[in-house]
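> Please see the structure below; I have some questions.
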Amino acid sequence: MATVHIPTLMRDITSRAKVCVPGATVRQIIDNLEEAYPGLKDRLMEDNRIRASISVVVDGEVTPMGLLEKVGEDSEVHFVPAIAGGSIG
């Protein structure tokens, strides 16, 4: 099972920093997270896609495939909240 690292702001649902979840794609991981931790999917997805404010990282790589990204049995998955604001200059 993949190890999913739960963002701090979503730990009120899981009560854990990381959980093990089965799934061969990011979509399956999210569906299985929702089954185990109802309400988590709403925080990760909007209009059947990953929220624009969240990046998905699988095995250290920001995924260009989003929900279709493959996830291995020993993969690590991170849902990283986007950082915004500020300006340079």
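The values are calculated or read from the model by the stated rules, or taken from the named source; none is laboratory data. This one's a predicted model, so the numbers in the text were calculated from it and none came from an experiment. No Cβ is skipped: glycine too gets one built from the backbone with ideal geometry, and neighbour counts run over all protein chains shown. Remember, those area values only see protein heavy atoms, side chains included, never the ligands or the DNA or RNA. Shrake-Rupley method; radii C 1.70, N 1.55, O 1.52, S 1.80 Å.
> Every residue in segment 46-62 that is under 20 Å from Val19 (Cα atoms) and either free of Cβ contacts under 8 Å to residues at least 12 places away in the same chain or surrounded by 11 or more Cβ atoms within 10 Å (Cβ to Cβ) (or both), please.
Scanning segment 46-62 gives Ile50, Ile54, Ser55, Val56, Val57, Val58, Asp59, Glu61, Val62.
> For the condition out of contact with any strand residue (DSSP E or B) (no Cβ under 9 Å at 6 or more places or on another chain) and at pLDDT 95 or above, what is the one hit in Lys41, Lys70, Lys18?
Only one candidate qualifies: Lys41.
> Next up: For Asp12, are the conditions met, namely being among the charged types (D, E, K, R), open to solvent by 20 Å² or more (accessible area, probe 1.4 Å) and at positive phi?
no
> State yes or no: is Ala17 closer than 17 Å to Glu76 by Cα, of a type in the set (Gly, Ala, Ser), out of contact with any helix residue (DSSP H, G or I) (no Cβ under 6 Å at 6 or more places or on another chain) and open to solvent by 40 Å² or more (accessible area, probe 1.4 Å)?
Answer is yes for this residue.
> Next question. Looking at Lys18, Lys41, which is the one that is charged (D, E, K, R) and either in contact (Cβ under 8 Å) with a residue 60 or more places away in the chain or closer than 21 Å to Glu61 by Cα (or both)?
Lys18
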